[in-house]
1. Given a 1.4 Å probe and heavy atoms of the protein chains only, how would you sort B:LYS84, B:LYS124, A:LYS71, largest accessible area at the top?
2. Heavy-atom accessible area of A:GLU8 with all protein chains present, probe 1.4 Å, nearest 10 Å²?
3. If amide H atoms are built 1.01 Å from N in the plane of the peptide, which residues on other chains or at least 5 residues away come under 5 Å of the amide H of B:TRP77?
4. Please list, in chain and number order, the residues 5+ apart from A:TYR45 or on another chain whose amide H is under 5 Å from its amide H, with Hs placed from the backbone.
5. Can you list the HN-Hα couplings for the range B:126-135, worked out from phi with the Karplus curve (6.51, -1.76, 1.60; θ = phi - 60°), rounded to whole Hz and with x for Gly and Pro?
6. From the backbone phi of the range B:51-60, what are the Karplus-calculated ³J(HN,Hα) couplings (6.51 cos²θ - 1.76 cosθ + 1.60, θ = phi - 60°) in whole Hz, Gly and Pro given as x?
7. Whole-Hz Karplus ³J(HN,Hα) for the range A:37-43, in order, using 6.51 cos²θ - 1.76 cosθ + 1.60 and θ = phi - 60°, x for Gly and Pro?
8. Quote the relative contact order of chain B in percent (integer), defining contacts as alpha-carbon pairs under 8 Å separated by 6+ residues.
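The values are calculated or read from the model by the stated rules, or taken from the named source; none is laboratory data. None of the values given here were measured: they were computed from a predicted structure. Heads up, the Cβs are rebuilt from the backbone with ideal geometry, glycines too, and the neighbour counts pull from every protein chain shown. These accessible areas exclude ligands, DNA and RNA; they are computed on the full protein's heavy atoms, side chains included. Shrake-Rupley method; radii C 1.70, N 1.55, O 1.52, S 1.80 Å.
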Amino acid sequence: MADHFLDEFVKELESSGLEPLGAIGEPWYNPYGDCVHLRISGDAYYGQRIDEFLTIYRHVTSRRPIGFQIKGIAALIKKLQVDGLRIEAEVGEDKRDIEKVSLSTLLLLAYDEGEKTPVRLSGYTDAIRSRPPADCDDIDLVSAAS
Amino acid sequence: MTKAYGLEVIDPRNVSGGRTTAWFPGDLTLGFYKHDSLQYWNIITARAVLEEPRVIFEGVREFNTGGWCYVGRPEEWYIRPSVKHPFPDHLVYSVYLNPAMFVYHFRADEADLARPDYPLGWSKRYKGQIWPTIS
């Protein structure tokens, strides 16, 4: 197999016991970019930007949606009222920090932020359709940030 | 600070000749290695773009301050782990950095057919172009 310039680096990281970020087939929070990624396939893809919150990932040859990126998670979380609306989120013991939030909630919040245009509707529909099953819908915000 | 791999790049805060280090975070890199092989191999593509960008934009997010996007047209990229392929003409490759110079995402994007070195919608999706400088 061909060499990768980071192979030695990742071997050191594995030995150090570092907890890796990321997944395929499940949504995960990227603290370096304050965004959530989901890809349901490991195939080559390109991004189609829908709006300031959502980018759809499309298969490079078939163009079918195979995932998406939700950006600006901190801004979306601020819209959630911890003591108010019934929401799909888990909060910390002090009731101030949201520790987990559902992907569905994030998508709905993001869609609600902008104009209801055909492009946005189509993009968010593609995102909802490429979601994993409900038991993989929750995104852990705390462990990624620690 | 997590272990990270550093790469020398054009300094986006001083594009008239400055150089600085962009960092591939260790936990993110290890995650790609373990869970997302194709993204791990396209770190090589991201490196090529960081070393030879065509355009650099600033202000990549409406709701997060700062950050940069280095955009390039590499000769090839990875379509399967360890399998290279010529990079498509209708795409560009974008590498996203946060204000601390951590590389947090990289991927192909649709190109603006009128300006093939630029991503589609470039004039509206970033705060502005910082390199090459526009007179």
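1. My answer, sorted largest first, is B:LYS124, B:LYS84, A:LYS71.
2. Approximately 120 Å² of A:GLU8 is accessible to the 1.4 Å probe.
3. It is B:HIS85, B:PHE87, by chain and number.
4. Hits under the 5 Å cutoff: A:VAL60.
5. Listing the rounded values in order: 10, 5, x, 8, 10, 7, x, 5, 9, 8 Hz.
6. Running phi through 6.51 cos²θ - 1.76 cosθ + 1.60 with θ = phi - 60° gives 7, 9, x, 9, 8, 10, 10, 10, x, 8 Hz.
7. Here the 3J(HN,Hα) series is 10, 9, 10, 9, 9, x, 6 Hz.
8. Reported as a whole number, the value is 23 percent.
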